[in-house]
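J.: Sharing a structure with you now.
What follows is calculated from the coordinates using simple rules that are stated; it is not laboratory data. It should be emphasised that the depicted structure is a prediction, and the values quoted were computed from it without experimental measurement. All Cβ positions, even for glycine, are placed from backbone atoms using ideal geometry, and neighbour counts span all protein chains on display.
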Amino acid sequence: NLLVGFESDYELRNGDDKSFQEFEGIDEPQYTAKTEMKDSASVRARLGYVFNDGKTLGYLTAGYAMANIKRTMSDALNEGSVPSESDTKWHEGWTAGFGVEHFMADKISLKADYRYSNYDQETINSNQVYGDPLIPGDGYTQKQKYQDEQSVRLGVAYHF
């Protein structure tokens, strides 16, 4: 009754989060950072147990994940010509979760699962927004926190 398999997915996303930058542990409302998740993908192993006369599968899943993340740094009081700058790149990480899939008909199943995904840190160099444009290399460098997400997914599958 054990099942071992692999699964992959690609998703178009539209999630964002806006926060204040911190200086020595204190929020600075003048400086904001907006993080947007544009796309994500994963390749995972799936280990499960089939029960209920072969109609239901409970499983664990884990593997490699990546997300296309755009970060925009802004300075509300910038007196220069560049009030914000952004950087978009793919971040690598991992994902893990669990779920259940149940056959409703001969070739149609319903699926529900929970997944946690964690993507790497990024060092942001905001020379244009936070630096003096007349001084090359002047600016602000900060490590952004890990980007992570928790999700509950519902789906319908057709089995060929």
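J.: Counting Lys +1, Arg +1, Asp -1, Glu -1, what net charge surrounds Trp90 among other residues with beta carbon under 14 Å of its beta carbon?
T.: Surrounding charge for Trp90 is -2.
J.: I've got another one for you. Does the range 1-106 come out rounded, prolate or oblate, given a ≥ b ≥ c as the square roots of the eigenvalues of its C-alpha gyration tensor, rounded meaning a/c under 1.5 and, failing that, prolate meaning a/b above b/c?
T.: Taking the square roots of the gyration eigenvalues as a ≥ b ≥ c, the range 1-106 is prolate.
J.: Over 22 Å between Cα atoms: which of Lys18/Lys38; Lys38/Lys107; Lys38/Lys111; Lys89/Lys111; Lys55/Lys107; Lys18/Lys111 fall into that group?
T.: Result: Lys38/Lys107; Lys38/Lys111; Lys89/Lys111; Lys18/Lys111 exceed 22 Å.
J.: Order these peptides, 102-108, 37-43, 61-67, 83-89, by their mean beta-carbon neighbour count within 10 angstrom, highest first.
T.: Going by the mean number of other Cβ atoms within 10 Å, highest first, we get 61-67, 37-43, 83-89, 102-108.
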